[in-house]
Structures are given as structure tokens and as C-alpha cells.
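Let me begin by presenting the structure, written as C-alpha cells, before commenting on it.
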Amino acid sequence: MQSKFQRWISAAAILFFASWAHAQSTVHTAASTGNYTSKVDYAACATGPCQNFTLAMGVSGSFTTASPLPANLAGASIAALVTSFSFSDGLTTYSSADPATRIYLLQVTTDAAGAVTDAAVVISRWETGVSPHAVNDRTSLMVITGTSQGGHNYQCTALGTSPAGTADSCDLEVADGSASRASGATVSWSSAAAATVPTLSEWSLILAASILGLAGLAAVRRRTL
């Protein structure tokens, strides 16, 4: 039969691993289900990094949250919960590791399990200039909605803080003769626990240290009896 101390250790271990599981980071993935159906090429490359989309391209990517999203969200803004992201529109990679990238909008709808079922994602990347940027700097952007689109090398005509709270964002892009765009791509969303080991919360670390300390005392006590 377990001693009181052994039962306490077992209970503490259960709480510890429950906290570990609750802190499990979650990856929310937009998988491409259809490529672009239409595109507009740049007319003449007067400025910026001109490139054209093809109809073999689409949008895809993912973002990670430190823990699962709440259930039954409806168009909720969750940019503040995102710890990392990486998306592509076929021409441009939009990554949280890239200082030129900005989240303009990130709203999601979730099911009863907290999995993303729909989202509105707008992410941009500065192609020219340095922070703080100025009017006429060039920017690219990716939009994921029901049907998604990519825009490359647009002229930025207004700047500010995005609805997601990101400073130094382009508020208004103009598709001039050096810009290209494509639209009509589709995605499906899924959510799953991250494959990497999650970071333990502060209380979990304190509890773990307590368990190890008490276990060590118990071992010393057994050896001295």
C-alpha cells in the first residue's frame, strides 16, 4: 500500500503533467486546396522587385499559439496569441522571423474543440525602405479568406498601426504598373498539437522542482533509517 508521501508525490505528478499538457502549443495550418484562378501581371517594371504569379501557385502556411484556442470563437482577433507564423503566396514568404513582415489582420472561427474552421488573415511584407517606412515604399501582401489572393510589389500610399496592433504597417496599397496580383486560391484549416516539446509554465517548473526535492529527501530518509 502506498504511503501518504507516495500518494502526495503521485498527485503532484498528475498536476504537473496536466499543466504541461494544458500549455501544449498548437499549430493551425492553412493547406492549399486550389491554386489561383486568375492573375494580373505587372505592365512595366519601373520600381521595386517586379515578379509575376502563375496559375500553378496558391497560398498556404501556418501560425502557432502557445496553447489551444478557445472553443466556438466567431471572427475573433487572436493576433496577440500568436507566437510564430510562416505563410507563402507563391512569390513571397511571410514569416514572424522576418523583421519586414507585418500582421495586418488575423481573425479566426473555431469549433467546439478549439480547432480553426475559418479565418481572415492579412499579412504584408515590406519590399523596399527601412523602418520606419514612408509613403511610396513597396510592399507585398497575402490575403486568406474564403478565396485567397496574393499581391506583389504594391505602392504603399498610407501607413499606420494595423487592426492587429502592428506598428509601421501599410494601411493602403495601390497596384500600379510595377505590381502583380493573383486571386481565387482556396485553403482548408486544421489545428493540432505542436510536435516540439512545449515550454513549461512558471508554476509547472516550481512544482517539478518541489517534486524532485521531496523525492530526494525521501531517498535520503530511506537510506538513513
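Read-outs: derived from the displayed coordinates by stated rules, not from any lab. Source: prediction; values computed, not measured. Virtual Cβ from ideal backbone geometry, glycine too; neighbours counted across all protein chains shown.
See the values below:
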read-out	value
Highest to lowest packing among 55-66, 74-85, scored as the average C-beta count within 10 Å	55-66, 74-85
Peptides 39-49, 142-152, 120-130 ordered by average Cβ neighbours within 10 Å, highest first	142-152, 120-130, 39-49
Within-11-Å neighbourhood charge of Arg181 [Cβ basis; K, R +1; D, E -1]	-2
Rounded D (µm²/s) - the range 77-184, Kirkwood Rh over Cα pairs, Stokes-Einstein at 25 °C, 0.890 mPa s	173 µm²/s
Cβ-based net charge around Leu105, under 14 Å, with every Lys or Arg adding one and every Asp or Glu removing one	-2
Inverse of mean 1/r across different Cα pairs in the range 17-134, Kirkwood, Å	16.3 Å
Built amide H within the under 5 Å cut-off of Gly34, gap 5+	Thr186
Radius 10 Å from Cβ of Gly48, net charge of other residues (Lys, Arg +1; Asp, Glu -1)	-2
